[in-house]
Amino acid sequence: MRTHHQLPATNFLREAGCPTQEIAVQFSVLAKTLRLALIGVTIGVVASFATSKVIASLLFKTEPSDPATFCGVLLLLVGVALLAGYLPALRATRVDPTTALRCE
């Protein structure tokens, strides 16, 4: 579910006086983002090991299954995915609840 789909429920709870809802929404969005990122990284690692023999001729001074490279790319991709999930969640929780409820 996208962040803007959760906005009406979030704003209703914030208007009702739930101050911790902001943190709960951000955590919920980050958990969903992390789950999708880990699924993608798992598929990517399996595919890269499967095609490592094919791309070995394209690599320069790096082995096809170099663990440092795999870990570095894995951490970079997960970090970018978490940032891509956190920024919309942060923006959605900073919307004024009464304005968002009027637009519905």
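The values are calculated or read from the model by the stated rules, or taken from the named source; none is laboratory data. None of the values given here were measured: they were computed from a predicted structure. Here the Cβ is made from the backbone with ideal geometry for all residues, glycine too, and neighbour counts use every protein chain on show.
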request  = Mind counting the residues in the stretch 12-57 that are at pLDDT below 65 and either over 19 Å from Y86 (Cβ atoms) or among the small types (G, A, S) (or both)?
outcome  = 7
So R94, is it more than 21 Å from A24 (Cβ to Cβ), exposed (fewer than 11 other Cβ atoms within 10 Å of the Cβ) and among the basic types (K, R) = no
ask   = Restricting the stretch 39-77 to residues that are surrounded by 14 or more Cβ atoms within 10 Å (Cβ to Cβ) and in contact (Cβ under 8 Å) with a residue 24 or more places away in the chain, which is nearest to L90 (Cα to Cα)?
value = L77
